[in-house]
1. To the nearest Å, what is the center-to-center distance of the range 119-139 and the range 369-411, using C-alpha atoms only?
2. Determine how large the accessible area of ILE405 is when every protein chain is in place; take a 1.4 Å probe and give Å² rounded to the nearest 10.
3. If the limit is 18 Å between Cα atoms, which of LYS514/LYS726; LYS514/LYS672; LYS60/LYS236; LYS128/LYS398; LYS60/LYS233; LYS650/LYS726 go over it?
4. Can you sort LYS60, LYS723, LYS236 by 1.4 Å-probe accessible area, starting with the largest?
5. What percent of all Cα-Cα pairs in the range 726-858 falls in each 5 Å bin, counting up from 0?
6. If I take R0 = 60 Å and measure r between the Cβ atoms of MET719 and ASN105 in this structure, what FRET efficiency does the formula 1/(1 + (r/R0)^6) give, to the nearest 0.05?
7. Could you please report the charge total around VAL260, scoring K, R as +1 and D, E as -1 over all other residues with beta-carbon less than 15 angstrom from its beta-carbon?
8. Roughly speaking, what is the stretch gain from THR114 to ARG62, that is 0.36 nm per residue apart minus the C-alpha to C-alpha distance, in nm to one decimal?
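The values are calculated or read from the model by the stated rules, or taken from the named source; none is laboratory data. Worth saying up front: this structure is predicted, and the values here are computed from it rather than measured. Neighbour counts run over all protein chains shown; Cβ positions are idealised from the backbone, glycine included. Side chains are part of the model used for accessible areas, which takes the heavy atoms of the whole protein and leaves out ligands, DNA and RNA. Shrake-Rupley method; radii C 1.70, N 1.55, O 1.52, S 1.80 Å.
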Amino acid sequence: MDTQVTIPVQGMTCASCVRTVERNLQKVPGVQQATVNLATERATVTYDPAQAKVGDLVQKVRDIGYEVPTATVTLPTQGMTCASCVATVERNLKKLPGVLNADVNLATLRSTVTYVPTEVTPRDIRRKIIDIGYESPDLEAAGETTDDALRDREREARAAELGQLRRELWVSLVLGGLLLLLSMGPMLLYGGDGMMRMHTLFGTMERYWFLQFLLATPVQFYAGRRFYVHAWKAAKHRTTDMNTLVALGTTAAYGYSVAVTFFERFFPAGTAEVYYETSAVIIALILLGRYLEARAKGQTSEAIRKLMGLRARTAILLRQGEEVEIPADEVQVGDVLLVRPGTTVPVDGRLVQGRSSVDESMITGESLPATKTVGDPVIGGTINKTGAFQMEATAIGKGTVLARIVRMVEEAQGSKAPIQRLADTIASIFVPIVLGIAALTFALWWLFGPEPSFVYALVNTVAVLIIACPCALGLATPTAIMVGTGAGANHGVLIRGGEALEMAHRINAIILDKTGTLTRGEPTLTNVVALAFQPVPQAQLAEAGVGSDNVALAGSNGALNGSQSELLRLAASAERVSEHPLAQAVVAGAQAQELRLATPSDFESVTGQGIVATVDGRQVLVGNPALLASRGVDAAPLEGDAARLSGEGKTPLFVAVDGEAAGLLAVADTLKESSPRAVATLEAMGVEVWMMTGDNARTAAAIAQEVGIAPNHVLAGVMPDQKAAKVKALQEEGKVVAMVGDGINDAPALAQADVGMAMGTGTDIAMEAADVTLMQGDLLKVIEAIQLSRATMRTIRGNLFWAFAYNVVGIPLAAGLFFPIFGWLLNPIFAAAAMAFSSVFVVTNSLRLRNFKPTLAR
């Protein structure tokens, strides 16, 4: 069975690097697929563990000149008694994904493990030691107390790289600035007499050039060393990248200048010029671009850092009546924890005691705190706002909602959209083409250019090599995907990968499952219709809390009068002991009116018809017309209202009291408040909205009319096993179809759809089958997902347009194509500035997605 591993890769600078790493990883025996992301600096590899090991992949990356940051941890390992124990521990630790090597020492009772931080943590290693029957005391002995320490390793490596870039940048800026001042200053100050004045000042031009040589050499071989190192490593593997272009271009300028400085007499008249400032300033500008790019790329992963920052560090464990503070990572499933006001919920669980309001905005995007009572679930990483409560841990570590969200966002940010594959393919052949153009430029200018032709040939060739950098091309798509998926996570919209993000912008038809998607997914009491019937004495009504004429019933057409309140009280009292969902809706409706319900006697449930009970000495029937008929009650007075309510998509419950028809209770799965607005917004966006339900056509039509869906876009009477076929039928009409659902029976349809969207309030199976998970049960999140996809694709297209247009215009200009017509030539320094700007522009353009806000219909 194939395994997937994610490896951090450092040292990549452009799309050509990406292609090199991918191509070489795919050469490792057993590797099925390798996908490399320049923005996240990650390689995701699918391989057969029987043929390849993670160590083979890491070694291959290092062999081709790139770096894989790893970490080493030493853990106490107690309980070993012989060499066989050592072999057992080593063998099992090496089976962990991401472990490169494990050395176990019997004498010191310690295990030293080298691993890839993105795949395994010290806590995973410690748990493996314990699982195979040995002991490993708390990780504080190893100096690694949480998973955060592991993620910090990669961050530290990036920080070190940024620090090195900063040092190299300062050297190149200071020395390059001095060179620019020495070479260009005199001419700017004194015009044509500038060189003569420099000659007088230094005695000879050789001395003037030698000073420039002293300033330029540290820039070339200290600040510019990285370009040579990576270019050489690429050359050893018969490939090229942007470092090749920079190394060749700056070396040409620097090398020619050195030759002039020390061997001027060998050069023809008019060709003895030095270009130290060109080489130095080019290196300075490229390093400036790299530095700004690295800083901006660090901001693209802000969503992951924010999510990781939500995790609690400690938890209060209730053990034998005592409160014990422990690391949150030490919590086990089944532990009972105390959560005080203002603290973070440590892990996923459910309330077992207490009541509170919990701020879940960082997980679901919902701004209002959620009220939690006994039995309600709570999510690790959310904030307890008011009362203290006790909770039982139900999920820990990688099983928590927060961990799953982090994993989904990481996978999405590391994935590739189909549009990126085109850019990668172009970039892989781009550098060799540029080298060919540079060679042709040099030859043509040397052979046919004006005198001094060699100087023109050299300067224009350097300009071509410098301006033709594929960095912007490589960063155009992955940076936008990173920021886009991160912005989605901040809004409670989890997008599984780049392919889903790209496909979502093409959606032109969307199927909404009715129950739990358009509606709340649970029955609610909506109407009370009371006929005249003999009421109980007024004193008894007052004692029951009935009689107010201005009590509002949520979802009803007005206030409840005394007869309606009494009808509801009797029916709800009779239904108190029933477990039927409709009965529970009636009871909940009565409780919402604060009616004092009585305890029924002589309760009888009649299968398929309803219930019979005695309440306050009165016989109460609640059910369908067949129940009333079986007890000799004439239901005719209620049939008109029953037909009206049925036409509105509601389920009427007939009520009889003491052998007479007393009224109706209407129960319905009511629409979510946001559903009509969501449908209106989708229609305004040009998306066809369809509703799919198992209800009959009459009920479905009533719901569709209420929510604003066209009658001809209603799919009624659809059985669970038919849902995927309905999606496929729309696809066969040429539509790009999204499916939104929340139940287990929606999973096949979610998988069949071009983009499946699952409500986060639904089942895990639905979320696993979906491409997009909406952390709230709110259809407005569907709008956000589609609009975010459209915004991201606009950004990607803009990035790619800039990257292509920049090269299409820049390379001919640098080659001197416009010189015969307009006399235009491009100074290599300006070429370097343009190249650096192009990469920074692409990244900062992608960062604008962090400010994404959806546009909704009024």
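1. After rounding, the separation between the Cα centres reads 25 Å.
2. Looks like 10 Å² after rounding.
3. LYS650/LYS726
4. Accessible-area ranking of LYS60, LYS723, LYS236, largest first: LYS236, LYS60, LYS723.
5. 2, 9, 13, 12, 12, 11, 9, 7, 6, 6, 6, 4, 2, 1, 0
6. According to the calculation, E is roughly 0.40.
7. With Lys, Arg at +1 and Asp, Glu at -1, the net is -2.
8. Contour length minus the Cα-Cα distance gives 17.2 nm.
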